[in-house]
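The values are calculated or read from the model by the stated rules, or taken from the named source; none is laboratory data. What you see is a predicted model, and the numbers here were worked out from it, not measured in a lab. Neighbour counts run over all protein chains shown; Cβ positions are idealised from the backbone, glycine included.
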Amino acid sequence: MGEKLTKQELHNLAMNIVGKQLEAEGYEFLGVNSKLKRDPQFVALKDKILHFVIVRAISFPQDANAYDPLFMQTIKEHAAKFDAKTYYAGVGLGHGSDYGQPVLKDEDYTMVYKGLQEIL
């Protein structure tokens with residue numbers, strides 16, 4: 001049986017998933033921060049508008065789309081100083097054959113990701 005991914009590895013996987021989406025949608029990366037507990041993960045420009053994106057790797061049974069409203073409000077206030085929009089990207093990650101099990105190194109994984117949620 002394989003080894004579980006670390007929190008940092010799960011975070012990096014979630015960032016790769018979100019980063020590919022941003023890239024495909026035409027965002028230009030101005031800053032990328034992959035360290036845990038360093039926010040935002042992406043500072044990106046699209047249509048001359050600055051975007052702050054918070055990425056979280058979430059494991060079952062937590063809801064990938066649920067976020068801490070107080071924390072996100074703090075990020076939104078910080079983003080407002082730069083006229084930036086704020087987004088949350090929760091990526092649910094689980095084992096390929098059973099979402100309820102942890103992701104293992106060198107094995108398939110299952111993903112629950114509904115895209116960016118704008119924090120209004």
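Remarks
- Residue in the range 33-48 that is surrounded by the most Cβ atoms within 10 Å (Cβ to Cβ), counting only those that are closer than 16 Å to Ala79 by Cβ and of a type in the set (A, V, I, L, M, F, W, C): Ala44
- The condition (being part of a loop (DSSP other than H, G, I, E, B), under 16 Å from the mean Cα position of the chain (by Cα) and either under 22 Å from Gly2 (Cα atoms) or touching a residue at least 60 places away in the same chain (Cβ under 8 Å) (or both)) is satisfied by just one residue among Gly92, Gly100, Gly115: Gly115.
- Look at (1) touching a residue at least 60 places away in the same chain (Cβ under 8 Å); (2) in a strand (DSSP E or B); (3) loosely packed, with under 12 Cβ neighbours inside 10 Å and you find that Gly2 fails only one, number (2).
- Residue match in the range 64-72 (condition: over 27 Å from Tyr109 (Cβ atoms) and surrounded by fewer than 14 Cβ atoms within 10 Å (Cβ to Cβ)): yes
- Flag for Thr110 being touching a Phe, Trp or Tyr at 6+ places or on another chain (Cβ under 9 Å), assigned to a strand (DSSP E or B) and more than 18 Å from Asn33 (Cβ to Cβ): yes
- The single condition among (1) more than 22 Å from Leu120 (Cα to Cα); (2) modelled with pLDDT of 95 or more; (3) part of a loop (DSSP other than H, G, I, E, B); (4) not aromatic (Phe, Trp, Tyr) that Ser34 does not satisfy is (2).
- Residue check, Lys85 charged (D, E, K, R) and not in a strand (DSSP E or B): no
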